[in-house]
Amino acid sequence: MYKKILDHLNEAILLFDRDLRLTYINPAGEMLFADSAKHLVGNPARKLFKTAHHGLFSDLVSRLNQNEPLVDRELILECMNQSITVNLSATPILENGELAEILIELQQVDRHLRITKEEQILAQQNTSRMLVRGLAHEIKNPLGGLRGAAQLLALELHDPELKEYTQIIIAESDRLQELMDKMLGPNKPAHKSPLNIHEVLERVRQLVAVEAGSSIILQTDYDPSIPELFADKNQLIQALLNIVRNAIQAIQTVGTIILKTRVQRHMTIGRKRYKLTVKIDVIDNGPGIEPRLMGQIFYPMITGRAEGTGLGLSIAQSLINQHNGLIECESEPGNTVFSIYLPLVDSRDNLIANHK
């Protein structure tokens, strides 16, 4: 009876025998470890997770031998090759005064930190979009008048050299107009239809293969079981092109770019929880992003390259936002990862629930 209750808890519940071998794990625990109970049950605790807190197991055994609970907060665990931050609570279960089982509760706290980070990114993007739209509106109006005046002036001038000056004014006005349009980002609604994300990624890989040259290796690591998305193919291609080209420019000479796909379960994006989300990683081994720019890379006109416009990542984020998704980035020298999260929904905007 108690297992039915544990199965419906949001926290990961693990039950170990007195030798610290797993005998039960609830569905929340399966999500945390990204594996099934069938594969996890029977494993010793030391195999299931490791921690930088080397005294954790000795403390745990010592407390349990004294029939006392153990609580540890913000503990970083290496759970089956993934690092997570949890609050840990271990409680001894006694039978006839002797230790029979150990109940361990793991409450993942980095998920809350991640949601806060997501909200900050979305807020930044919305604020940035509003500011840019206001600025573009104020610039485009006088810009149109300037271009029109230059055209009228050209009609009145008969000296070819003077007309050349008006052509320069017109050409620069058009260039500024194009820049304003790019800053505004996508202004067309997404035309969504069912598509395979790997068709999009292969199209992007083909497009950038020539640009990358032989010195940059493009690798793929796809999960073929990912269901179809309901998305705008052209917009996803554009967003991914911007990110992959950004990686190529960051590497500059010799390096590797990896395109990777995986399914994420029970993920929250912008305060909305999705049962299934596709995660697309663009990984490069370039020099990394300067720490001073990390919090601003999705703002327009922010770039670490002298020749860059700083619009590629901002536009990519806007395109992914139109699909209720999000782009995140983590970077250190030799390992920069742009992660794109897209909810898996069907043509009626219902969550796909039949993924096996």
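The values are calculated or read from the model by the stated rules, or taken from the named source; none is laboratory data. Values in this document were obtained by computation on a predicted structure and should not be read as measured data. All Cβ positions, even for glycine, are placed from backbone atoms using ideal geometry, and neighbour counts span all protein chains on display.
One table, with the values for the structure above:
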{"item": "Residue 53 at pLDDT 85 or above and not in a strand (DSSP E or B)", "result": "no"}
{"item": "Scope region 204-227; condition within 17 Å of residue 260 (Cβ to Cβ) and among the β-branched types (Val, Ile, Thr); matching residues", "result": "204, 208, 216, 217, 220, 226"}
{"item": "In region 5-26, the residues that are modelled with pLDDT of 90 or more and among the polar types (S, T, N, Q)", "result": "23, 26"}
{"item": "Checking residue 45 against (1) at pLDDT 80 or above; (2) over 19 Å from residue 108 (Cβ atoms), the condition it does not meet", "result": "(2)"}
{"item": "Residue selected from region 200-227 under the condition outside any loop (DSSP other than H, G, I, E, B) and either free of Cβ contacts under 8 Å to residues at least 24 places away in the same chain or outside the structural domain of residue 322 (by TED's automatic domain parsing) (or both), by the criterion surrounded by the fewest Cβ atoms within 10 Å (Cβ to Cβ)", "result": "210"}
{"item": "Flag for residue 16 being among the hydrophobic types (A, V, I, L, M, F, W, C), buried (at least 19 other Cβ atoms within 10 Å of the Cβ) and more than 22 Å from residue 109 (Cα to Cα)", "result": "yes"}
{"item": "Top-ranked residue of region 88-130 - restricted to ones that are of a type in the set (D, E, K, R) and at pLDDT 65 or above, ranked as surrounded by the most Cβ atoms within 10 Å (Cβ to Cβ)", "result": "105"}
{"item": "Residues satisfying the stated conditions in region 188-227, i.e. touching a Leu at 6+ places or on another chain (Cβ under 6 Å) and either of a type in the set (D, E, K, R) or closer than 19 Å to residue 319 by Cβ (or both)", "result": "195, 197, 200, 201, 204, 205"}
{"item": "Checking residue 238 against (1) loosely packed, with under 15 Cβ neighbours inside 10 Å; (2) in contact (Cβ under 8 Å) with a residue 60 or more places away in the chain; (3) of a type outside the set (Gly, Ala, Ser), the condition it does not meet", "result": "(1)"}
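Let's see how each residue does on (1) in the same structural domain as residue 324 (by TED's automatic domain parsing); (2) crowded, with 22+ Cβ neighbours inside 10 Å; (3) under 13 Å from residue 212 (Cβ atoms); (4) among the polar types (S, T, N, Q):
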| site | (1), (2), (3), (4) |
| --- | --- |
| 229 | yes, yes, no, no |
| 233 | yes, no, no, no |
| 247 | yes, yes, yes, no |
| 252 | yes, no, yes, yes |
| 260 | yes, no, no, no |
